[in-house]
Every structure is written in C-alpha cells, then in structure tokens.
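Below is one structure, written out as structure tokens, with a few remarks after it.
The values are calculated or read from the model by the stated rules, or taken from the named source; none is laboratory data. All values reported here derive from a predicted model rather than from experimental measurement. Every residue, glycine among them, receives a Cβ derived from its backbone with ideal geometry; neighbour counts consider all protein chains shown.
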Amino acid sequence: MKDYALKINGHQYNVSIDEINEASTVAHVTVNGVAYDVEIEGGKVPSAKKPHVVPAPKETGLSVAPVTAAPTPKVGAVAPSGTHQVTCPLPGTVLSLRVKEGDSVSVGQTLVVVEAMKMENNIDSDRAGVVKSIAVHEGETVAEGAVLLTIE
C-alpha cells in the first residue's frame, strides 16, 4: 500500500493505493476514506499465457501402423509436344520461385511456394526435365488451375 497527500485546486486529498490488479489494469484506491476501483488508462494487460502442452503417455496399449498410400498425382496437363504444364492446385499468392528458366529439375523438387489460407504450400515437380518457361512472378495472385511453369 502506498499513501499520497495531494493538493488539487486548493483542496487536500489523502490517497492510498491498496492494490493494483495487473491482469485487469484496475487499482483499489482510497481517497479521504472513500474506496474506489480505478481503471488505469494506457495500462497494459499481460497477454494470455500459452497453453502448457503435455506429451502423450508412451504406453497407451494402442498399436499404430503406418499407412502407405499411392502417391497423389500433382495437378497438371501434358501438352502434345511433350511439355508439361505445372498448374496451381489451389488459389493463393506466389511467395517464391525456387527455379528459373533453363534449370534442370528432378521429381519431388520444389518449384514454387504458394501461400493459401496463411499456409505455405510447396508445389513440387512430378517429373524430371528442364524448365522451359515460367508464367508467374513473386507476389502474383494465382487461381486454382493457373499455369505456373512449363517443364520440357
């Protein structure tokens, strides 16, 4: 508790600050014997605590087997000339191009990173080849099915 003697506009006030609740920026104040709850303007409320994550018990009695599924093909169209157009599987914004025209690419190599719904999505090559052309640039908004680049 802190006590103060204040003179405001010629009037004497005896102020006691009993308690400040930091979680709500409220102070319990007594002025000339009268109690008040005072909100402190500009006070900062501490951010919420992060949840405590507890690891799962090691022995649960359950058996988990890995699921092996056939690889899902990437969205794309094969042009008659033997070129392959890599298209965007979902609408978003091109964050980065990981290749340039003339680069050799292999299966599974990340070609483009697209942000969709605040998630970064790697668009990987489903075939080996050489990047013939790039149809987008970083920062561009692309629609689902839009051609990103062509592999020859």
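Worth a mention:
- Among residues of the stretch 31-44 that are assigned to a loop (DSSP other than H, G, I, E, B), those with a beta-carbon under 9 Å from a residue that is among the polar types (S, T, N, Q) and modelled with pLDDT under 75 at least six positions away or on a different chain give the pairs Ile40/Thr25; Glu41/Thr25; Gly42/Thr25; Gly43/Ser24; Gly43/Thr25; Lys44/Thr25.
- Among residues of the stretch 122-152, those that are surrounded by 15 or more Cβ atoms within 10 Å (Cβ to Cβ), of a type in the set (Gly, Ala, Ser) and within 16 Å of Gly108 (Cα to Cα), counted: 2
- Val107 fulfils the conditions (1) out of contact with any strand residue (DSSP E or B) (no Cβ under 7 Å at 6 or more places or on another chain); (2) touching a residue at least 40 places away in the same chain (Cβ under 8 Å); (3) over 14 Å from Pro91 (Cβ atoms) except for a single criterion, (2).
- Subset of the stretch 83-104 [within 10 Å of Ile151 (Cβ to Cβ), touching a residue at least 60 places away in the same chain (Cβ under 8 Å) and outside any strand (DSSP E or B)]: Thr83
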